[in-house]
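What follows is a short report on a single structure.
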Amino acid sequence: MSMLSISLTVNGRPVTATVEPRTQLCDLLREELNLTGTHLGCEQGVCGACTVVVDGKPQRSCISYAGDSDGCSVTTIEGFDDDALMEQLRDAFSRHHALQCGFCTPGMLVTARDIILRLGETGAARIREELSGNLCRCTGYVGIVDAIEEVSRGRVAHDLRAPIVAIEGVVVRPVDASTRAPVPANHSAVSAAPSGAGPRKGWSSIEQRLAVGFPPEIVWDRLSDIRQVAACLPGAEITELEDDRVRGRMNVALGPMKIAFNGDGNVVLDAENRVGRLSGGGRDAGSGSTAEGEVEWRVLSGEGAGSLIRVNLSWRLSGRLAQFNRAGLVQDVIQRLASIFVSNLESTLKGEVINEPSIKPIGIWSLLLGVFRSRVAQWRGKNT
Ligand code: FES
Ligand code: FES
């Protein structure tokens, strides 16, 4: 198996490591760096016990590849020993009896700190919503929420329009695509649309850029047949396609939840500018959850005769699934999907066998990721 050499910063210390492509960030932290304050509960992105901060944002380390943290700055609960806000939170958790066995506590504290930094002073209802991706099996949430609310009092939110993510010196701003600085090819940038900021309240988005060694006209040709899109993605099915309207189904596995979205959408293909856009929504009858989403893909001229594919996915969940919106689970999973997509795409281009992702795709937007993979495989077959 080929190994990955990575360099990152963990709790302010430079770290180099050699990891398998499948190594999870939590395993690197716990097994190799002995940072066992990061706890593992569900190991499928649901409980939040493994939450760490990656480049300033909370992230579930159990569903993050260690390889994706190359070049990143990671802070675990141990890295907050001298953090003034974390010290206040620790004291407040003790005062409010906000822990019993303590298993959930590292993840709770990391998430709590992020809530206060983003929102400043905030109330119990919002804290519960924000905290809904962190599960506690013994204490209950009253003490936890009280502690966070107390520490939040009098605090001012950070400027959410300020840059929040830096990747290799490139700054990515939340949501507003028009202000985004260029992101290097083969890197993904995830931003959760903060409430009240950005053009779409309550929406989250992810942008992925990918350089490929085929001319834009060939790439566009392969990425503009929507009917073949559905055929490429397990769990997705297009049942109707007429003009610019598409109707279909999407089976989703989100942790232990199995959801089947039925929905429809609208497709716009701008061949002149090589821009495609699919927007729509679906509903899961079982949970009553609804999902709205939009994916836009652009094929640009790349280096030499190659192309740059830029994909922007944005989404909003409501109903039972909405608890995962801000909690980061969906962002984490989509980020992982994006990484898997890039990895699979690169494998395909090299003529290597693709390792199927071990997690199921989410929502109709993943459908497009599947499309790109398949279409590139197809055109590669035709051009080699
Ligand atoms: Fe439960 Fe990672 S261990 S979310
Ligand atoms: Fe035991 Fe939260 S204190 S799981």
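At 25 °C and 0.890 mPa s, what whole-number value in µm²/s does Stokes-Einstein give for the translational diffusion of region 51-105, with Rh from the Kirkwood sum over Cα pairs? It would help to have the intermediate numbers written out before the result.
Numbers: Rh = 12.7 Å.
Here the translational diffusion coefficient equals 193 µm²/s.
Got a sec to turn the phi values of region 41-54 into Karplus ³J(HN,Hα) couplings, 6.51 cos²θ - 1.76 cosθ + 1.60 with θ = phi - 60°, whole Hz, x for Gly and Pro?
These are the phi-based 3J(HN,Hα) values: x, 7, 6, 9, x, 9, 8, x, 5, 8, 5, 10, 9, 10 Hz.
Given a Förster distance of 45 angstrom, what is the FRET efficiency for residue 81 paired with residue 270, based on the Cβ-Cβ distance and rounded to 0.05? Write down the numbers at each step before the final one.
On the way: r = 52 Å, r/R0 = 1.17.
That pair, residue 81 with residue 270, gives E of 0.30.
Could you tell me which of 93, 37, 65 has its Cα farthest along the dipole of region 1-96 towards the positive end, charges placed at Cβ (Lys, Arg +1; Asp, Glu -1), taken about the Cα centre?
Comparing the listed Cα positions along the dipole, 93 ranks first.
Can you list the residues, at least 5 places off or on another chain, whose amide H is less than 5 Å from the amide H of residue 65, using H built in the peptide plane?
So residue 65 has HN proximity to 25.
Please work out how much length the chain gains when fully extended from residue 20 to residue 100, using 0.36 nm per residue of separation minus the C-alpha to C-alpha distance, in nm with one decimal.
Roughly 25.2 nm would be gained on extension.
Once fully extended, how much extra length lies between residue 155 and residue 300, figured as 0.36 nm per residue of separation less the alpha-carbon to alpha-carbon distance?
47.8 nm
Calculate how large, on average over all directions, the projected area of the Cα convex hull of region 1-105 is; give the answer in nm² to one decimal.
Its Cα hull, projected and averaged over all orientations, spans 6.8 nm².
Charges only on Cβ, +1 for Lys and Arg, -1 for Asp and Glu: so what's the dipole of region 8-58 about the Cα centre, in debye to the nearest 20? All intermediate terms of the calculation are to be shown ahead of the outcome.
Values: 4 positive and 6 negative charges, 32 e Å.
I would put it at about 160 debye.
What percent antiparallel are the DSSP beta bridges of region 1-158, to the nearest 5?
Values: 14 of 16 bridges.
Rounded to the nearest five, the antiparallel share is 90 percent.
How long are the three semi-axes of the equivalent ellipsoid for region 32-72, computed from the Cα gyration tensor as the root of 5 times each eigenvalue, in whole Å, largest first? Provide the component values of the computation, followed by the final result.
Values: eigenvalues 52, 30, 20 Å².
Semi-axis lengths for region 32-72 are 16, 12, 10 Å.
Would you mind computing, in nm to one decimal, how far apart the modelled labels at residue 44 and residue 91 are, each placed 7 Å from Cα along Cα→Cβ?
In this crude label model, residue 44 to residue 91 measures out at 4.1 nm.
A short reminder: the numbers here are calculations on the coordinates, not readings from a lab. Source: prediction; values computed, not measured. So basically every Cβ, Gly included, is an ideal-geometry build from the backbone, and we count neighbours across all protein chains shown.
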